[in-house]
Each structure stands twice: as C-alpha cells, then as structure tokens.
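Please read the structure below before turning to the comments.
The values are calculated or read from the model by the stated rules, or taken from the named source; none is laboratory data. Please read all numbers here as calculations on a predicted model, not as lab measurements. Here the Cβ positions follow ideal geometry from the backbone for every residue, glycine too, while neighbour counts run over all protein chains shown. Ligands, DNA and RNA are excluded from the accessible area calculation, which covers all protein heavy atoms including side chains. Shrake-Rupley method; radii C 1.70, N 1.55, O 1.52, S 1.80 Å.
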Amino acid sequence: MEQILADLPRLREEAAGLREPFLSDIVLIGEIPSPTEGEAARAQFVADRFVGAGLHACSIDEKGNAVGLLPGETGRKTLLLAAPMDTFVTEAGDQAIEVAPDRLVGPFVGDNCIALAALTILPALMDRLQIRLNSHVVLVACAKSLGRGNLDGLRHFLSSTRTTPAAGICLESVQLGRLNYASAGVFQGEVHCRLPANYNWAQYGATGTIIPTGEVIGRISRIALPQKPLTTIVLGSIEGGLSYSNIARETVLKFEARSESIDELKAVREKIEDIVEEVAAQSGKQLVLDIIAWRGPGGIDIAHPMVRNARAILGALGVQPALYPTTSQLAALIEAGIPGVTLGLTTGERRSELDEIDEAVAIEPMSTGLAQLVANLMAMDE
Amino acid sequence: MSPGPSSPGPGPAPGAAGMYDAARVQAWLRNNTFHHSRFADLKRLVDLKERQGVRISLCLPTLNEERTIGKEIVLLRSELMTRHPLLDEIAVIDSGSTDRTREVAASFGADVHLAADILPGAGAKKGKGENLWKALYRLTGDIIVYVDADIANVRPYFAYGLLGPLLEKPEVQYVKGFYDRPLQVGKGVRMPGGGRVTELLVRPLFSLFYPELASFIQPLSGEYAARRATLETLSFPVGYGVETTHLIDIYHRSGLTAFAQVDLDQRVHRNQSTDSLGRMAFGILQVFFDRLRRHGCVDRLPEMAALMRQFRTRGDAYEQVEHLIVEDERPAITTLPEYREKFPRGRACAPT
C-alpha cells in the first residue's frame, strides 16, 4: 500500500495528461439523452468506446448494460467497476454542455457522465501508466438504475455473470471525497390520488385530488422518525392539475424513505400505507401507494481493508474523506454479497443561477478523482 | 487592396435558362450530396489521407465565442487529432474578441492567432472573411476545413464529414455543409432548407442568375472544406459575402462538379436578429451584383451605396439608423509575395 501511495503523484500527473479525451468523452456521453429504460444510445456509445479501447468480451446485454473486460495478468480474481447510465431526463431535448477552462456546465453533467467517461478512459490511462493488474476488471455501464429501474441493470449483471466479482467500486461523478461503504435502506414510492368514476363534478366545493394529497403530505411529515438509527423521508415531487380553476383529476406524490435499519424502514412503509388508506376512506377519492423501488440496508465494516485503503488514498491526495451511507448502486453489490465502495470523481454544484437541471462540475479535480480510482484498483488487486 | 478583374472562366456564364441542366443537377445531387455517416470510418479516412500524402488544417474563425469555443476544440482535437490523426493542426483565428475567447481556446491547446497579427503588411480589416483569408497564410494544410465557432452541439463529423468527399473524390474542390431544419409540410415530408437570408435572398438570386447553385441546400453555411489550391486563387470578401462569392467564383471556373455537400444533421447555434440578418443581406447583395458585373450580366449597374438604413422607434419617433457596410475584398492570396515565398508553387504544403 505504501508503494501505491508513493505512486499517487505520477498517477495524478498521467491522468491530467488525458484531460482532453476525458472531457471529450464526458461531453459526448453527457449530451446523449438517457432516461431510465431509454439508455440504448448511450450504451452503444460506451460499448463502441470499449471496443475501440481493445477491451475483451464487449457487449450490450439483454438489460441494456454496456460491458467490457480489461484483462488482468493472471485473472486470479475479477474486480467490478460500475457506473449508472440513466438520468432523470424525461424526454430528448437540448443537453448541450458548455466547456469552460475550469468547469463544465450543463444538464445532469454532475450526475453520471463523468463516471461513465471514467470507464471509457480507464484503459487508455492504464496503458499510459504502464500498469497491468493481475485481476481482470469488468467495466459495466448500468442501465435501469434510477426510480422504477430499481438497479435492475446491475442486479441482472451480478446474477447472470459467470464469475462473481471479488470486490467492486461504484462510481459517481460527484463528490470527490465521498467514500460510501454502506448502503442505507431505501424505498421509493408514489401516491396516486384519482377522482372516482362517479365523482360529482357539479357539487359546489368539489375539491378534486389536490386536497387529499395535501392531507397525505401533512400526515407523512408528522411521522416521528428516529435519529438513531437515522431515518428520513424526502418528499421529492408533486404533480397534478391543469390550471387555476380546473378541478385536478389526478395528483401524484413521489417520495423516498431512507433508514439505516430495515425494521424502521418497514415501519415507515406501514405507516404510509395506513395514511393512504385512511385518507382514501375519508375523502372518497381513489388513493394508491405504488412502491417502485426497495433496497435493504447493509455494507462492509468501516474497518474493512477497502475502506481503510480508500481513506488512505484520499488523505494522501489531500482530499478530506466523507463517509456516509449511500442509496446508490452499492446496494446491488451488498445484496450479492460483494464487498464494495462508492467513490466520486470531482466536485460539483447545482447553483442558484443555473436552471434546475443544470449543474456545474470542476475540471481540475478530475485528475485526482481518476488517480484515486486507479490507486483503489491497485489496492484491491493486491 | 482590391481584387483584380476576374477573367472569364470556362465554366457556365450566368443566365437563367441556358445554364440549367436538369440531368446534370440530378446527377450531382445523387452523386455529390452525402450524409456525414458515410464517412464515419475514420481509420479509412486517415488511410486515404496518408496515401495521398496531404496535410489537413482546421480553422475556427472567432469573435466573442467564449461559451462554445472550448467544447469545439476539446472534441475536435481529441477525436480527430489524438484518437484519429486526421487533422494536422487546429488554429483559432480571432477578429479581436473582447470576451475570453482567446484565453479559453489557448487553455485547451489550440494555436490562437489574432487576424491583425497575420500578414501585417497587408493591413487589418474586420470580418470573418478576413480571418478565413489570413488563415490560408497561417495554416499549412493542403486541405483547409472551416468550422464556425458558435456551434453548441458540435460533433467530430462537422469536420470529418466535410473532408470525406475531398479525400474520396479528386475532382471535388470544395465541400459545403448543410443541416436539417425540419419544416414539416405534410405527413412524412420534410423540407430541409437554409436560414432566412438563404431562403429570402440567396436562393431566389441563385435561381434567377445561377440556377444550378440553387442546388445547395445551405449555401451560406459556415462549415466547409476546400483544397488550398482552390482557395488560394479566390478573392475573399472580408465580411458577409465570402460564402456567396466562393460558390459563384468556383462555379464560374469549374462548374457544379467541383462541389459536394454534406448533411451534418442538426446545428444548434445562437439565433440572429432580423436587423443583423438585414445587414448581412446588404453585404451579400454588394458582392452578388459585383459578380454579375464581372460576368457581364449587367451593363449599366449604378455605383452601389455602402450605407444600409434601418429603422427603430424611440417613444413616438421613428429613427433611421445607418450602417456603413463595405464588402471590401482581399485578392487571391497567391498575389502576395509573402504567400508565394511561404507556399512556393508546386510545393504540396509549407514547412511546419
């Protein structure tokens, strides 16, 4: 490990030398719209890059994951490197990314295209460094990660691969310094409130679906949540109605609950189910709770060698590690019994002067992020 | 400096009826109009380039393009120089930007030049055409690709798509880009077309006087590639007229077969106001009538005014705003001794 830490300045310098092709891949990937279950164009681009880089066994599997194998010297074990391909974009639109000397600005640029570009640039970086690991590294750009995708792509890959990876790294674009070794339990749900078929539109004071949805929101926000084990509920989105005076026919509330404890998560779920049933009965509206994603909590111990090494690497690179549970793809590794961590590649922000989907990410820290990635792979290879 | 009179060329003379050959135009549209995807095999293009022993230069003319220039350089350099050695050099020729255009371009490794610093003995004029003309002296390629620097959705095919016909077809001298502007006019029918100045001015003028040139879908497109041997013999209007005169002059000399055009899908760029398009049209009309005069089409053309008058309202008053627009022209660059010294006749390209 000491040798790896000593080599970090070289890793960072060589990564900086690939700045242009890395930025180019970030832009080319990031400008391909990639909604969940609509990742095909992005997968094709990544797969073409894998082929161009000379990876082995390049393919797009039946779930739409782009897969390639960076062969190791001995192949005595296989390491996994995964990054999600989908974003919350709902339709094809202008996803132009601006390249400034110090940052990139554009829709979802801090979401995952940097992580995907790290997969496509890794073979060239390893060549440049003249590093060949003993382990195979399987690179997976994962489809169907978000929302209703529910990590379907990565889960499918892990259940169908012939060689179970010995360990894995999940990549996220931001923030550099994150070190997630545990996955919070999470469930994402939608509460659909609809008017019944026999609704009396002519009745004075008819309220439509917004009032009962408001009642659901009020009751969810009054659920007592423990600080330990930490449990939270995020009300992420509400949609419904057409105009000022029209009665809303349907309203949808989207939320996510997280907890370090599976028991607390189940308790929250039961409480929300009760709330939905009660409000439906009281209001005479149709209310349905749709659970679209469910992941149990878990992870490796903070004293696990992967975590210790990742902390040491970040420290040696001058980056303050931020350890916290994640709700990202790490859950799929944990379910499959594969030790893993989630790492970020650069710093980024969603600033108030930018549109809601626009994000800004810094260019300069990217070489540190890539150096960190290679160093962790080297440590996992030992 | 003004260009010398153009000698009558062997190509078609202007005129409506006699010079339009429907079969020739159909054949040209069939054989010389391409989609960029035809040239996506970059290894093949690089192989063609190497076998022909030519150098290729990319010129990005700029004026206040700090928001888009960085991406253009990053994408074109990494895809067409680093990954595939198709381009030998990329240079930004700047008109004197007051924003950070030159700083951004240099930070991503481009050769950046102020147009005024190139050929100082020839003086400095303002305009995109000036940048394109001076680029001929600064760049060393046998083939020059010009790509505007205000494209938000630039892709590598903006350059390699234009190079494909030049590398595949030795008879092609000049390749023009065009874009998809989907105007839906019926189920399943799309009418690709140019911008407002093209459709309201240039296409009607071409249809009247050079009808075969109306076959260009976007004659004013700022994306084109050409052989140095062709460009160095053309005079260059320094302003809005450069694209128009290139087409007319090459056509006059060599006919339609010297051209190709390539579909570059969609081009996202900033929209221009009607006022600024009006000034652009004024400049184009100047050079167009000049070409008609040179080709003997008009015998009593009066002295053309250089003032373009537009209106604006201030309160209840109407104000006339005058713009002085002089489409000055640079002569064929081979007339300059400095150029002939750097690019001696018969030599493939200048030393780097």
>> Could you tell me how many of the residues in region A:4-47 are touching a helix residue (DSSP H, G or I) at 6+ places or on another chain (Cβ under 9 Å) and either more than 14 Å from chain B (Cβ to nearest Cβ) or not aliphatic (A, V, I, L, M) (or both)?
In response: 29
> Name the residues in region B:50-73 that are part of a helix (DSSP H, G or I) and more than 22 Å from the chain's Cα centre (by Cα), would you?
Replying inline: B:50, B:51, B:52
> In region B:258-273, is there at least one residue being without any contact (Cβ under 8 Å) to a residue 60 or more places away in the chain and in contact with a strand residue (DSSP E or B) (Cβ under 9 Å, 6 or more places away or on another chain)?
Replying inline: no
> Out of (1) loosely packed, with under 14 Cβ neighbours inside 10 Å; (2) of a type in the set (Gly, Ala, Ser); (3) closer than 20 Å to residue B:115 by Cβ, what's the single condition that is false for residue B:239?
Replying inline: (1)
> Mind checking whether some residue in region B:280-293 is outside any strand (DSSP E or B), open to solvent by 20 Å² or more (accessible area, probe 1.4 Å) and at pLDDT below 80?
Replying inline: no
> All but one of (1) under 28 Å from residue A:102 (Cα atoms); (2) part of a helix (DSSP H, G or I); (3) under 16 Å from the mean Cα position of the chain (by Cα) hold for residue B:106; which doesn't?
Replying inline: (3)
> Within region B:302-322, restricting attention to residues that are open to solvent by 60 Å² or more (accessible area, probe 1.4 Å) and touching a Lys or Arg at 6+ places or on another chain (Cβ under 8 Å), which residue is nearest to residue B:242 (Cα to Cα)?
Replying inline: B:322
>> Return the pair list, or none, for Cβ contacts closer than 7 Å from residues in region A:263-287 that are of a type in the set (Lys, Arg) to residues that are assigned to a helix (DSSP H, G or I), at least 6 apart or on different chains.
In response: A:285/A:212
> Can you tell me which of A:208, A:236, A:241 is more than 28 Å from residue A:331 (Cα to Cα) and surrounded by fewer than 19 Cβ atoms within 10 Å (Cβ to Cβ)?
Replying inline: A:241
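Okay, residues lined up against (1) more than 14 Å from chain A (Cβ to nearest Cβ); (2) surrounded by fewer than 20 Cβ atoms within 10 Å (Cβ to Cβ):
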position	(1), (2)
B:29	yes, yes
B:35	yes, yes
B:41	no, yes
B:49	yes, no
B:53	yes, yes
B:56	yes, no
B:61	yes, no
B:65	no, no
B:71	no, no
>> For the list (1) away from chain B (no Cβ under 14 Å); (2) among the β-branched types (Val, Ile, Thr); (3) in contact (Cβ under 8 Å) with a residue 60 or more places away in the chain; (4) open to solvent by 10 Å² or more (accessible area, probe 1.4 Å), I need the number of the one condition that residue A:60 fails.
In response: (3)
> Taking into account only those residues within region B:74-93 that are within 19 Å of the chain's Cα centre (by Cα) and over 22 Å from residue B:53 (Cα atoms), which is surrounded by the fewest Cβ atoms within 10 Å (Cβ to Cβ)?
Replying inline: B:93
